[in-house]
Protein chains: 2
Amino acid sequence: MINFTFRNDTKIIFGKGTEEQIGTEVEKYGKKVLLHYGGGSIKKYGLYDRVLRSLKDEGLEIIELGGVRPNPVLSMVNKGIDICRREKIDFIIAVGGGSTIDSAKTIALGVPYSGDVWDFYEGRTEPEEIIPVGVVLTIPASGSESSDSAVITNEDGMYKKGFTNELLRPEFAILNPEITYTLPPYQTACGSSDMMAHVMERYFTTVSDVELTDRLCEATLKTIISNTLKVLEEPENYSARAEIMWSGTIAHNNLLDTGRIGDWASHKIEMEISGLYDIAHGAGLAIIFPAWMEYVYKKDINRFARFAVEVWNVEYDFNDVEKAAIAGIKKLKSFFKEIGLPITLKEAKIPYNSFEEMARKCTEWGAVGNFVRLETDDVIKILEIAK
Amino acid sequence: MINFTFRNDTKIIFGKGTEEQIGTEVEKYGKKVLLHYGGGSIKKYGLYDRVLRSLKDEGLEIIELGGVRPNPVLSMVNKGIDICRREKIDFIIAVGGGSTIDSAKTIALGVPYSGDVWDFYEGRTEPEEIIPVGVVLTIPASGSESSDSAVITNEDGMYKKGFTNELLRPEFAILNPEITYTLPPYQTACGSSDMMAHVMERYFTTVSDVELTDRLCEATLKTIISNTLKVLEEPENYSARAEIMWSGTIAHNNLLDTGRIGDWASHKIEMEISGLYDIAHGAGLAIIFPAWMEYVYKKDINRFARFAVEVWNVEYDFNDVEKAAIAGIKKLKSFFKEIGLPITLKEAKIPYNSFEEMARKCTEWGAVGNFVRLETDDVIKILEIAK
């Protein structure tokens with residue numbers, strides 16, 4: 001186990017009807033709020049009305065900015081920054097999934113910063129302050145509701161980049177599993193793939209003696225797996241939706257990487273795909289993660305065997321550990337297939353002609369991944385496996 | 001799963017040599033600190049010197065109050081409150097285990113309060129503010145380093161009481177597993193019993209559909225069990241000490257009861273024993289918890305069977321679930337015995353003549369426990385089982 005510092009001060013407000021608490025939470029921070037959201041689904045099912053009513057009951061002044069799309073873009077962020085400055089916004093509320101939350105976080109970073117907010121994503125400088133952000137989560141997936149990171153696509157060159165900083169943790173996150181009843185099966189599955197990837201990125205580490213976090217990772221993965229199958233059968237199963245929703249937060253609130261170093265190559269490779277093509281992040285991960293596993297598992301066959309046995313109930317083969325290791329990867333692929341996700345680039349209709357471009361962009365700041373360091377050629381080979 | 005709010009903002013600073021960061025952490029809060037600790041052990045192994053040097057390097061003024069004893073008492077707390085007021089203390093540092101931390105927390109509560117700090121423990125009023133507290137943990141056990149609670153004994157009537165409030169979470173907790181190398185085996189075992197009890201109090205719930213937290217509880221218990229055996233064999237095994245130390249925090253930072261209602265009867269009964277007799281809290285729990293289990297397991301045999309199978313690797317008997325349930329309780333008792341703890345009142349030399357007095361005090365505010373509500377007579381019966 002390596003030394004670590006861990007603090008996550010996002011207040012989680014979890015359960016039925018909790019969105020009605022938003023007004024009382026927000027009014028602690030000021031009087032004027034930016035309400036940031038995506039498409040029309042929050043209006044269709046009454047969530048928008050309930051949030052608005054709660055805010056108005058506290059006498060808050062609301063400026064709206066809707067229209068965030070999957071793979072949120074820098075131009076929308078800059079629009080939000082302009083509005084916040086002009087309107088002297090005190091607090092930003094994101095009602096949505098990871099895209100809306102990441103857009104809100106990046107707006108919040110940009111408002112007090114005199115330069116271009118993309119500077120942070122390019123690693124040119126570190127932020128000193130942020131406008132406080134609160135979340136009403138509608139899609140459990142990204143973990144962004146309590147994470148210290150955000151991902152934005154710069155349309156100028158189609159660069160999709162992540163940025164991590166403790167300031168990015170929202171002040172509060174409201175999680176009502178009922179809100180997720182209407183999520184379509186494909187989006188539900190993409191969410192589960194995303195949160196599983198967050199755990200697996202941390203699970204595959206070269207740091208030894210991390211028993212507690214290994215076990216917590218396995219516990220979280222097993223919960224996501226069993227409950228994803230349940231919610232796809234019964235979309236209005238409150239308990240199963242609740243397990244998924246809480247697992248999505250735990251998967252990415254940094255508890256699961258205390259004392260260890262995660263890999264994150266699969267995320268970086270996937271970001272090139274969904275930065276260039278219109279594919280959901282979770283679907284991209286369902287394609288890339290197993291391909292990554294096939295490419296790297298020989299680095300630590302025992303860890304992959306443990307993954308197979310502890311997460312997928314594969315029977316351990318005392319005479320052929322590699323057999324168990326491979327069986328675990330197969331189980332993961334079968335699971336993604338079973339829940340309706342693509343597991344090849346072909347199934348996702350991603351053409352094969354940009355492998356070099358994606359691999360080059362992915363490694364432009366150096367090799368990626370920590371479990372195995374991947375150079376440009378390695379990334380191309382993983383994309384070949386993913387065909 | 002029931003609705004919940006969860007926030008734990010204690011900053012965890014974990015690993016080798018981390019106590020040397022204390023000066024830079026504390027100077028953010030002010031200039032004058034109370035250094036609160038127990039006996040001489042922190043001086044014997046150099047910890048005291050390292051902490052003092054780090055504080056002095058930041059130019060902090062230090063007032064000392066040592067001499068906290070196990071089962072910390074109200075008279076020491078009042079002494080601390082007087083010192084803090086007189087010296088205008090900005091920050092309180094607890095260097096020690098749960099007793100020292102709880103004493104520091106209670107001093108911190110009392111300083112800005114005009115009445116008697118015991119009022120909070122008697123439920124007469126709620127605190128509005130607190131002096132910030134930081135911790136250098138020397139005994140992983142109580143979880144008090146990031147918990148929202150404290151336990152104090154009022155010598156006037158020998159009442160031992162707990163108090164819970166979000167204000168009680170320390171600002172930071174420094175956890176260096178190396179510091180625990182010199183803990184005697186008995187104290188190590190008591191610590192493990194205490195943290196296991198924190199998990200088990202949460203595990204035995206009547207709330208259904210709490211899969212993620214069930215699994216996280218099981219993961220934590222298994223880690224404590226395997227690593228306690230390791231550290232008793234090899235006291236200077238860093239990895240095992242680290243697993244124990246981090247597990248002790250996770251066991252009691254409120255993550256494991258998100259969405260569920262814990263029991264806490266065993267803790268309440270044990271507090272009567274260690275309030276009246278000189279026995280370590282962890283040893284008292286090793287006696288009471290199995291006795292409580294024997295008394296209540298029929299309320300939910302399946303849950304006890306799950307505990308047996310998932311935590312203790314008991315083979316599930318499809319034709320006789322109760323057999324598995326009972327086997328789990330037996331495994332717990334054997335484990336406590338194996339690590340050198342008493343599992344009967346007799347072994348701990350606790351006389352049998354105060355059962356009624358303890359049971360009466362324990363239930364003076366009403367029945368205790370949530371898994372099963374226990375009246376005075378039930379508590380007496382549990383004490384009889386524990387004989």
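Please treat every number below as a calculation from the coordinates, not as lab data. Please read these numbers as outputs of a predicted model, since none were measured by experiment. Here Cβ is always computed from backbone atoms with ideal geometry, including for glycine, and neighbour counts include all displayed protein chains.
Can you give the Rg to Rh ratio of the range A:183-385, both from alpha-carbon atoms, with Rh computed by the Kirkwood formula? Intermediate values should be presented prior to the final figure.
On the way: Rg = 16.2 Å, Rh = 17.1 Å.
We get a ratio of 0.95 for the range A:183-385.
Of A:Ser114, A:Ser103, A:Ser192, which has the largest mean-square fluctuation in a 10 Å C-alpha GNM of chain A?
A:Ser114
Just the number, please: percent antiparallel of the DSSP beta bridges in the protein assembly as shown, rounded to the nearest 5. Intermediate values should be presented prior to the final figure.
Working: 21 of 69 bridges.
Approximately 30 percent, going by the DSSP bridge assignments.
With a cut-off of 8 Å between alpha carbons and a minimum separation of six or more residues, what is the relative contact order of the range B:183-385 in percent?
Details: 269 pairs, mean separation 52.3, N = 203.
Relative CO of the range B:183-385 lands at 26 percent.
Could you identify which residue out of B:Lys298, B:Lys161, B:Lys43 has the top mean-square fluctuation in a GNM of chain B using Cα springs shorter than 10 Å?
Its mean-square fluctuation being the largest, the pick is B:Lys43.
Would you compute, from DSSP H runs of 4+ residues alone, the mean residue ellipticity of chain A at 222 nm, taking -39500 (n - 2.57) per run and dividing by the full residue count, rounded to the nearest 500? Kindly include the intermediate steps, with their values, before the conclusion.
Numbers: 15 runs with 176 residues, N = 387.
Helix contribution divided over all residues of chain A: -14000 deg cm²/dmol.
Of the DSSP beta bridges with both residues in chain B, give the percent that are antiparallel, rounding to the nearest 5. Mind showing how you got there, number by number?
On the way: 7 of 31 bridges.
About 25 percent, rounded to the nearest 5.
Relative contact order of chain A, please, whole-number percent, based on alpha carbon pairs below 8 angstrom and at least 6 residues apart.
Values: 719 pairs, mean separation 59.5, N = 387.
Result for chain A is 15 percent.
List B:Tyr121, B:Tyr181 from most exposed to least, where exposure is judged by having the fewest other Cβ atoms within 10 Å. Don't skip to the answer; put the middle values down first.
Details: B:Tyr121 21, B:Tyr181 15.
Fewest-to-most Cβ neighbours within 10 Å comes out as B:Tyr181, B:Tyr121.
Of B:Ser54, A:Ser226, how do they rank once you tally other Cβ atoms within 10 Å and put the fewest first? Before the final figure, lay out the partial values.
Numbers: B:Ser54 21, A:Ser226 14.
Ordered by Cβ neighbours within 10 Å, fewest first: A:Ser226, B:Ser54.
Determine the shielding of peptide B:204-211 by partner chains: average, over its residues, the number of Cβ atoms on other chains within 10 angstrom of each Cβ.
Values: counts 0, 0, 0, 0, 1, 7, 4, 12.
Rounded to a whole number, the mean comes out at 3.
Taking a point 7 angstrom from the Cα of B:Asp82 along the C-beta vector, which residues in the range B:151-168 have backbone N less than 18 Å away?
B:154-156
Using a cut-off of 13 Å between alpha-carbon atoms, which aspartates and glutamates can reach B:Lys88, once sequence neighbours fewer than 8 places away in the same chain are excluded?
Excluding near neighbours in sequence, the set is B:Glu61.
Rg and Dmax of chain A, Cα atoms, in Å?
For chain A, the Cα-based Rg and Dmax read 20.4, 69 Å.
Rounded to whole Å and sorted largest first, list the principal axis extents of the Cα atoms in the range A:36-118.
Dimensions of the range A:36-118 along the principal axes of its Cα atoms: 38, 29, 14 Å.
May I ask which of A:Lys43/A:Lys330; A:Lys222/B:Lys361; B:Lys43/B:Lys346; B:Lys160/B:Lys330; A:Lys11/A:Lys298; B:Lys56/B:Lys79 have a Cα-Cα span longer than 32 Å here? Mind showing how you got there, number by number?
Details: A:Lys43/A:Lys330 40 Å; A:Lys222/B:Lys361 43 Å; B:Lys43/B:Lys346 35 Å; B:Lys160/B:Lys330 29 Å; A:Lys11/A:Lys298 41 Å; B:Lys56/B:Lys79 24 Å.
As for pairs spanning more than 32 Å Cα to Cα, those are A:Lys43/A:Lys330; A:Lys222/B:Lys361; B:Lys43/B:Lys346; A:Lys11/A:Lys298.
Just to be sure I understand the curve: with the Debye formula and one point per C-alpha of the range A:244-301, what is log10 I(q)/I(0) at q = 0.19, 0.28 Å⁻¹?
For the range A:244-301, the Cα-only Debye profile gives -0.87, -1.10.
Quick one: give the max-minus-min coordinate of the C-alpha atoms of the range A:292-340 along each principal axis, largest first, in Å.
33, 22, 13
With each pseudo-label sitting 7 Å past Cα toward Cβ, what's the B:Glu129-B:Glu233 distance in nm, one decimal?
Each label point lies 7 Å from its Cα, and together they span 5.3 nm.
When you look at the Cβ of every residue in A:23-30, what mean number of other chain Cβ atoms sits within 10 Å? All intermediate terms of the calculation are to be shown ahead of the outcome.
Working: counts 0, 0, 0, 0, 0, 0, 0, 0.
Whole-number average of other-chain Cβ neighbours for A:23-30 is 0.
Quick test of the membrane-span-like rule: which DSSP H helices of chain A reach at least 20 Å along their long axis (C-alpha atoms) with mean Kyte hydropathy at least -1.0?
Numbers: long enough: A:185-203 (27 Å, -0.48); A:211-233 (34 Å, 0.13); A:281-296 (21 Å, 0.99); A:321-338 (26 Å, 0.02).
Going by DSSP H runs, the hits are A:185-203, A:211-233, A:281-296, A:321-338.
For chain B, with a Gaussian network of springs between Cα atoms less than 10 Å apart, report the residue from B:Phe304, B:Phe14, B:Phe172 with the top mean-square fluctuation.
Residue with maximal mean-square fluctuation among B:Phe304, B:Phe14, B:Phe172: B:Phe14.
Which net charge results for the neighbourhood of A:Leu212, defined as the other residues with beta-carbon distances under 15 angstrom from its beta-carbon, given Lys and Arg at +1 and Asp and Glu at -1?
Values: positive: A:Arg202, A:Arg215, A:Arg260, A:Arg306, B:Arg215, B:Lys222, B:Lys230, B:Arg241; negative: A:Asp209, A:Glu211, A:Asp214, A:Glu218, A:Asp257, A:Glu310, B:Glu218, B:Glu243.
Every neighbour counted, the sum reads 0.
Report relative contact order for the range A:60-127 in percent, whole number only (criteria: Cα-Cα under 8 Å, sequence separation at least 6).
Averaging sequence separation for qualifying contacts and normalising by length gives 32 percent for the range A:60-127.
Kirkwood hydrodynamic radius, the protein assembly as shown, all distinct C-alpha pairs: what's the number in Å?
Mean inverse Cα-Cα distance, inverted, gives 27.5 Å.
In whole Å, largest first, what are the principal axis extents of the Cα atoms in the range B:11-178?
Sorted from largest, the Cα extents of the range B:11-178 read 41, 30, 26 Å.
Roughly how large, in nm² to one decimal, is the mean projection of the convex hull of the alpha-carbon atoms in the range B:213-286?
On the way: hull surface 22.9 nm².
The directionally averaged projection comes out at 5.7 nm².
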